[in-house]
Amino acid sequence: MSSDILIYATAFDATVRCMAAITTDLVDNACMRHATTPTASAALGRTLTGTLLLGSLLKDLEKITVQFQCKGPIGNVTAEADAHGNVRGYVKNPQVELLVNEQGKLDVKGVIGSGMLHVIRDAGFEIGLGRDPYCGSVPIVSGEVGEDLAYYLAYSEQIPSAVSLGVFVDSKCQVTAAGGFIIQLMPGADKKLVEKIHKAIESAPSITTMIRDGLEPESILKTAVAGIDLEVLDRRSIKFQCRCSHERALSLIAALGQEEVANMLEQDKGAVLTCHFCSTVYQVGAGELEEILVGFGR
């Protein structure tokens, strides 16, 4: 049974909001699905965790997509979360060569490199509800993921935020610790809190160290910022969950048009589709292609 969990809390008389999560199982699941190298696992895991934390602020039909459109060898890193604790994601090049920085740590910054960070908020547009999606974009300032999300929140949404994300990959390439937190100042908060919180986080143990030591999300926040007076308002389970299905695969094929489907039937006697987000492979038989063609009135 998964121990992944996310909490939403307030502090300092509700002038600060905090989101913290342990995402070890879901990140390991995602990395196994995509057969990522250790450094790709760290990049993907941080992005999945950060997207989930931002997703905790969504309403029922909303979803959020975080994409690092980068020039580094990993290509793009993409994650999408909904309001119910579900997240999915992938990297363009999961087999990027293992990079280690001067400190002997996985070089996430090196595989991401420069580029743009895009954050897209969808309020039900895909199903015909709500307004057009909102997209905010900022340059990638470090490639460490957490620092880039903090920069986005500060400069695109004008919310001063401290973001800490981490993934620990063992010698067997298994993710054994993953998680993170976001601490944000709300309107009316004492500006001096920014410096206080950042100094506290800098001197605290790393997020993966705290998770490996068995700390839960609430204890992680209290350890990161000593003396923080948390009021936990929500606690939810989280998981890696894709929205793909065999029916969606058929819809995608139908969207290619009658001529393309007819060519698939004639030349290949079927079709194979692989979901980018979860690597699930869908086999579509000749009979199903014939049914699609019937729908075109053939």
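The values are calculated or read from the model by the stated rules, or taken from the named source; none is laboratory data. Here the structure is a predicted model, which means the values were calculated and not measured. Counting neighbours? That spans all protein chains shown, and the Cβs are built from the backbone with ideal geometry, glycine included. Remember, those area values only see protein heavy atoms, side chains included, never the ligands or the DNA or RNA. Shrake-Rupley method; radii C 1.70, N 1.55, O 1.52, S 1.80 Å.
For segment 132-170 versus segment 235-298, the inter-centroid distance based on Cα atoms is 34 Å. What a 1.4 Å probe finds exposed on the chain is 50% carbon and sulfur by accessible area, rounded to a whole percent. Assuming R0 = 30 Å, what is the FRET efficiency of residue 137 and residue 266, from their Cβ-Cβ distance, to the nearest 0.05? The computed FRET efficiency comes out at 0.10. Taking packing as the residue-averaged number of other Cβ atoms within 10 angstrom, the listed peptides 204-216, 18-30 run from highest to lowest as 18-30, 204-216.
Quotient of the Cα radius of gyration of segment 65-115 and 2.2 N^0.38 Å, N being its number of residues: 1.29. For the chain, the spread of Cα positions along the three principal axes, ordered from largest to smallest, is 70, 44, 38 Å. In the frame of its principal axes, segment 199-296 has Cα extents of 68, 25, 22 Å, reported largest first. For the chain, the Cβ-based charge dipole about the Cα centre amounts to some 460 debye (Lys, Arg positive; Asp, Glu negative; other atoms uncharged).
Normalised size of segment 190-249, defined as Cα radius of gyration per 2.2 N^0.38 Å with N residues, equals 1.65.
Between residue 202 and residue 248, what is the FRET efficiency for a Förster distance of 41 Å, r being their Cβ-Cβ separation, to the nearest 0.05? E between residue 202 and residue 248, to the nearest 0.05, is 0.35. Of all lysines in the structure, those lying under 21 Å Cα to Cα from residue 172, and not within fewer than 8 positions of it along the same chain, are 105. In whole angstrom, segment 157-238 maps to an equivalent ellipsoid with semi-axes of 25, 14, 13, each derived as √(5λ) from the alpha carbon gyration tensor and ordered largest first. With the simple spin-label model, which puts each label point 7 Å out from Cα in the Cβ direction, the residue 191 to residue 173 separation comes to 5.0 nm.
Heavy-atom accessible surface of segment 143-203, averaged per residue, reaches 49 Å², computed with a 1.4 Å probe.
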